[in-house]
Structures are given as structure tokens and as C-alpha cells.
Amino acid sequence: MYSMISYWLKYYRHECGLTQQQVADRLKIERSTYTYYETGKTKPDINTLIKIAKVYNISYTKLLEGIEEELEDAVADIHSGAPTEDEDKLKYRTHATTKYEVELLFVVRNLTPKQRKEVMNLAKQLASDTEASK
């Protein structure tokens, strides 16, 4: 499951212009291990987070931004009985980025300006169609 830690790991790696292999080499771990951190299959322990932060020359707390809301949402979902993977059934949240929004952000960042404009136009059309059908 994609998490805020996964988001920040990928974000700061891109900001530093590093590959997953370069980060893994600096951490003295396998690339696949680091890939699992970025995809959310596993989470790094606090010692590894501190090492990663040093690679990116940031405070390790930067890698934890947003995790409080993520944990609060998970606890609220458990208490409400709502399924955690079915975000459509969860209440609308503006304070935390969903995994789909994060994934969309990374996809859009890799598009050309022309492609971004096309995606924006399509998204606006879909939103308009959805609103009209209500």
C-alpha cells in the first residue's frame, strides 16, 4: 500500500536526481529493498529513515510529513468499519493526499507540457460530466 513515506522517498530521490540504485548503493542495501520502500511494499525502520535522510541531506522528519493524518485516517477507518482500500466509501478528505493522487502526480510530472494540458482538459471534462449527471 502506497504511503506518505513512500511518496516522500520518491519525491526527494527525484529532487536529488538520484536513481534507486544510487540510493541503495549509498545505503548499502539491495536496490529491490529500496524499491519496496518507494512502492510501500515494506517500510524502512527509523535507523534506515535517518540514513536515507542523510543521503538526501534533509531532516528525517521531512520523510514523516503527513504520516500523522495517514495514521489517524487508518484508525478512523477501522473504528468506522469502512474498508481501508475502498476510498470511495470513506469520507471526503482534504487534509491528506490519497495514494491515487500521489500516483497521478508522478504520472503527470513525467508528461510533456502538451500531454499535461490534454490530461487537464480530460479531467475537467470528466468532472463536468460527473457533476451534470447528479
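Within the stretch 21-44, if we keep just the residues that are part of a helix (DSSP H, G or I) and among the β-branched types (V, I, T), the residue that is nearest to the chain's Cα centre (by Cα) turns out to be T39. The single condition from (1) of a type outside the set (V, I, T); (2) part of a loop (DSSP other than H, G, I, E, B); (3) surrounded by 14 or more Cβ atoms within 10 Å (Cβ to Cβ); (4) at pLDDT 85 or above that A96 fails is (4). Condition check for L18 on (1) part of a helix (DSSP H, G or I); (2) of a type in the set (A, V, I, L, M); (3) at pLDDT 70 or above: one failure, at (1).
Residue-wise test of (1) at pLDDT 75 or above; (2) over 16 Å from the mean Cα position of the chain (by Cα); (3) exposed (fewer than 13 other Cβ atoms within 10 Å of the Cβ); (4) not assigned by TED's automatic domain parsing to the domain that holds L18.
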{"site": "I46", "(1), (2), (3), (4)": "yes, yes, yes, no"}
{"site": "A82", "(1), (2), (3), (4)": "no, yes, no, yes"}
{"site": "P113", "(1), (2), (3), (4)": "yes, yes, yes, yes"}
{"site": "S128", "(1), (2), (3), (4)": "yes, yes, yes, yes"}
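The values are calculated or read from the model by the stated rules, or taken from the named source; none is laboratory data. Quick caveat: nothing in here was measured; it's all calculated off a predicted structure. Cβ coordinates were reconstructed from backbone atoms using ideal geometry, including for glycine residues, and neighbour counts include every protein chain displayed.
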